[in-house]
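A.B. asks: Have a look at this one.
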Amino acid sequence: LPSLAYSCAQMQENEAKAAKASGLEMWTLMSRAGQAAYHTLRVHLLQGTKPNHITVLAGKGNNGGDGYVVAEAALKDDINVLLGQVGDHMSLKGDAATARDRFLAAGGVITPIDDAFTIPDDTDAIVDGLFGTGLSREIRQGPFTRAIDLASKSKAKKLAIDIPSGLHGDTGNVLGTVLSADATITFIGVKKGQFTGKAPQHVGILYFAGLGVEQAFDEIVSSPAAELVAFNRVRHRFMPLRPLAAHKAAFGKVVLLGGNNGMSGAIRLAGEACQRTGSGLTRTLTHPASQQAVMFGRPELMVTAAQDVNAFSHWIDWATVLAVGPGLGQDDWAQGVLRLFLKHASKPSVVDADALNLLAKSPQHNPHWVLTPHPGEAGRLLGIRCPCT
Ligand SMILES: NC(=O)C1=CN([C@@H]2O[C@H](COP(=O)(O)OP(=O)(O)OC[C@H]3O[C@@H](n4cnc5c(N)ncnc54)[C@H](OP(=O)(O)O)[C@@H]3O)[C@@H](O)[C@H]2O)[C@@H](O)CC1
Ligand SMILES: [K+]
């Protein structure tokens, strides 16, 4: 996969420019997109076995157009095709209308997705061309939800064209309902929402086809929406090779605050993570009841344990960077730890877990902090209720 990710608006605004810069017609892009989807279906999703029957679900835009290209290719390979169309196929425009006409000319039949529409039990695969980058709002009850419900109940393998329908390509949020895929084939650029939010649950294996314009596209869009960080690709940026004569004091001192009585696990895991990702020295400041649990089997972790949090001051001064919150709790000890941390708030710090919950009660902003809330903690910080809690 490429490492740059884009928003749906960036895709829609720049696809035509990238095609022009590459000397290609838009129809060529749709044709290549459909062919790439058909290839993915046959080679990856069905692992080279020839299906007897496939179902293609087509919406009202170009995502549906890609679906018609898949359907035409399947017909030409003597595969039976059920082409389910939401709405009147005569309202398809431009390249999608061209793809429809080619499918009809190849002997295809269009079946409207109405109350009588069903997907046969013996269909081998379902190709989702309902919505791509054009999904703009919640999907309301009707033919789209009927198509998605039927496909979701089917045991057939599912291939999403560009984006699983119902998943928003910018956020990975589900807009009402979603057609979960076993695989998704996306075009020209990957979309940010294929990685965030609920995406991992619905995208399946993600395949990419640049359609011959990906390079022009990357050059035209100077500020992508996100960069995908594959650890092995960037590890030298974050963890440069160390001089052979280096020693531990050259790589910073991390101090972690948390690990209240009965909650030693998170602070120990955080400490282990620091050691694994390059910290020279790592010290945890915990409640006395957690001291043994943090230290056992981890001799490289240093621990200072105290009931009186003032004993931690020296070590907070000592630190290069801080992290506060794992297993912190919210009792008097925890509040004392947070108060002490706030006195040193100008050090680069990660603020996590119960430190965020305490912070939500008297919010403050600090440019030296990285906050790592889960959705429930984010809701508390923002003063909104997260439906996930
Ligand atoms: N351009 C290119 O170069 C290439 C594009 N390619 C392909 O095109 C795809 C983008 O196509 P697209 O822009 O036509 O959008 P698409 O996702 O098909 O849907 C738009 C339709 O959905 C409708 N609609 C939206 N939300 C709705 C809702 N909740 N409920 C109901 N309706 C809703 C919306 O209606 P409207 O908002 O206008 O009322 C409109 O009718 C892209 O993902 C890729 O697969 C490839 O061929 C490669 C080359
Ligand atoms: K789709």
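A.B. asks: Using every pair of alpha-carbon atoms in the range 1-133, split the distances into 5 Å bins beginning at 0 and state the percent of pairs per bin, rounded to integers.
C.D. replies: 2, 10, 19, 23, 19, 13, 9, 4, 1, 0
A.B. asks: How many nm separate the modelled label positions at Leu269 and Asn173, each set 7 Å beyond the Cα in the direction of the Cβ?
C.D. replies: Each label point lies 7 Å from its Cα, and together they span 2.8 nm.
A.B. asks: So for the range 99-218, what percent of the C-alpha to C-alpha distances run longer than 24 Å? Present the calculation step by step, with values, prior to reporting the outcome.
C.D. replies: Numbers: 2177 of 7140 pairs.
Cα-Cα pairs in the range 99-218 separated by more than 24 Å: 30 percent.
A.B. asks: Taking the Kirkwood radius as the inverse of the mean 1/r across Cα pairs, report the Rg/Rh of the range 243-286. Could you put the intermediate results ahead of the total?
C.D. replies: Numbers: Rg = 12.0 Å, Rh = 11.1 Å.
Looking at the range 243-286, the ratio lands at 1.08.
A.B. asks: If R0 is 45 Å, what FRET efficiency do you get for Ala16 and Gln47 from their C-beta distance, rounded to 0.05?
C.D. replies: Values: r = 35 Å, r/R0 = 0.78.
Efficiency, rounded to the nearest 0.05: 0.80.
A.B. asks: Next question, about the same structure. Can you tell me the mean projection area, over all orientations, of the convex hull of the range 298-389's alpha carbons? Units nm², please.
C.D. replies: On the way: hull surface 27.1 nm².
It is 6.8 nm².
A.B. asks: Give me the compactness ratio for the chain, meaning the Cα radius of gyration over 2.2 N^0.38 Å.
C.D. replies: Working: Rg = 26.8 Å, N = 389, 2.2 N^0.38 = 21.2 Å.
In units of the globular-protein estimate, the chain measures up at 1.26.
A.B. asks: Roughly how many Å² of Met295 are accessible to a 1.4 Å probe, to the nearest 10?
C.D. replies: Roll a 1.4 Å probe over it and Met295 shows about 80 Å².
A.B. asks: May I pose another question? Please calculate the 1.4 Å probe accessible area of Phe208, with all protein chains present, and give it to the nearest 10 Å².
C.D. replies: 60 Å²
A.B. asks: When only the heavy atoms of the protein chains count and the probe is 1.4 Å, how do Met90, Met26 rank by accessible area, highest first?
C.D. replies: Putting Met90, Met26 in descending order of accessible area: Met90, Met26.
A.B. asks: Same structure again: At 7 Å along Cα-to-Cβ for each site, give me the label-to-label distance between Glu138 and Thr320 in nm.
C.D. replies: 5.0 nm
A.B. asks: Have a look at Asp332, Asp66, Asp115 and tell me which one the Gaussian network model of the chain (Cα, springs below 10 Å) gives the largest fluctuation.
C.D. replies: So, out of Asp332, Asp66, Asp115, the one fluctuating most is Asp332.
A.B. asks: Additional query: Among Gly212, Gly132, Gly23, which one shows the biggest mean-square fluctuation in a GNM of the chain, springs joining Cα atoms closer than 10 Å?
C.D. replies: With Cα springs under 10 Å in the chain, the top fluctuation among Gly212, Gly132, Gly23 is at Gly23.
A.B. asks: Still on this model: For Arg242 and His365, compute 0.36 nm times the residue count separating them, minus their Cα-Cα distance, and round to one decimal in nm. Each step should come with its number before you reach the end.
C.D. replies: Details: separation 123, 0.36 × 123 = 44.28 nm, distance 3.49 nm.
Stretched fully, the Arg242-His365 segment lengthens by 40.8 nm.
A.B. asks: What percent antiparallel are the DSSP beta bridges of the chain, to the nearest 5?
C.D. replies: Values: 3 of 50 bridges.
Close to 5 percent.
A.B. asks: Right, next: Once R0 is set to 30 Å, what does the formula 1/(1 + (r/R0)^6) return for the Cβ-Cβ distance between Arg298 and Ile384, expressed as a FRET efficiency to the nearest 0.05? All intermediate terms of the calculation are to be shown ahead of the outcome.
C.D. replies: Details: r = 38 Å, r/R0 = 1.28.
In this case the efficiency is close to 0.20.
A.B. asks: Here's another thing I want to ask about it. Could you tell me how far the Cα centroid of the range 95-122 sits from the Cα centroid of the range 360-387, in Å?
C.D. replies: After rounding, the separation between the Cα centres reads 48 Å.
A.B. asks: Sort all Cα-Cα distances of the range 4-228 into consecutive 5 angstrom bins from zero, then give the percent of pairs in each bin up to the one containing the longest distance.
C.D. replies: 1, 8, 16, 21, 21, 17, 10, 4, 1, 0
A.B. asks: Consider a paramagnetic label point 7 Å from the Cα of Met26 along Cα→Cβ; state which residues of the range 79-109 have an amide N under 13 Å from it.
C.D. replies: 93-99
A.B. asks: As a check on your grasp of the helix formula, calculate [θ] at 222 nm for the chain: sum -39500 (n - 2.57) over DSSP H runs of n ≥ 4, divide by the residue count, round to the nearest 500.
C.D. replies: Working: 14 runs with 137 residues, N = 389.
Value at 222 nm, helices only, nearest 500: -10500 deg cm²/dmol.
A.B. asks: Let me ask something else. Once you have the Cα-Cα distance between Leu228 and Asp115, take 0.36 nm times their residue separation minus that, and quote the gain in nm to one decimal. Don't jump to the answer; show the numbers that get you there.
C.D. replies: Values: separation 113, 0.36 × 113 = 40.68 nm, distance 4.19 nm.
Separation in residues times 0.36 nm, less the Cα-Cα distance, equals 36.5 nm.
A.B. asks: Starting from the residue with the highest accessible area, list Leu75, Leu29 in decreasing order, probe 1.4 Å. Kindly include the intermediate steps, with their values, before the conclusion.
C.D. replies: Values: Leu75 40, Leu29 10 Å².
Per-residue accessible area, sorted high to low, gives Leu75, Leu29.
A.B. asks: Tell me, what is the percent relative contact order of the range 4-228, built from C-alpha pairs under 8 Å that lie six or more residues apart? Please report the intermediate quantities before stating the final value.
C.D. replies: Values: 491 pairs, mean separation 55.6, N = 225.
The normalised contact order for the range 4-228 reaches 25 percent.
A.B. asks: Continuing with this model, one more query. How big is the accessible area of Cys274 in square angstrom, nearest 10, if you roll a 1.4 angstrom probe over the protein chains?
C.D. replies: For Cys274, the solvent-accessible surface is approximately 30 Å².
A.B. asks: Could you sort Lys157, Lys343, Lys50 by their accessible area in this structure, using a 1.4 Å probe and putting the largest first?
C.D. replies: Working: Lys157 95, Lys343 160, Lys50 120 Å².
Ranking Lys157, Lys343, Lys50 by accessible area, largest first, yields Lys343, Lys50, Lys157.
The values are calculated or read from the model by the stated rules, or taken from the named source; none is laboratory data. What you see is a predicted model; the values in this text were computed from it and never measured. No Cβ is skipped: glycine too gets one built from the backbone with ideal geometry, and neighbour counts run over all protein chains shown. Ligands, DNA and RNA are stripped out before the accessible areas are found, and what is left, the full protein with its side chains, is counted by its heavy atoms. Shrake-Rupley method; radii C 1.70, N 1.55, O 1.52, S 1.80 Å.
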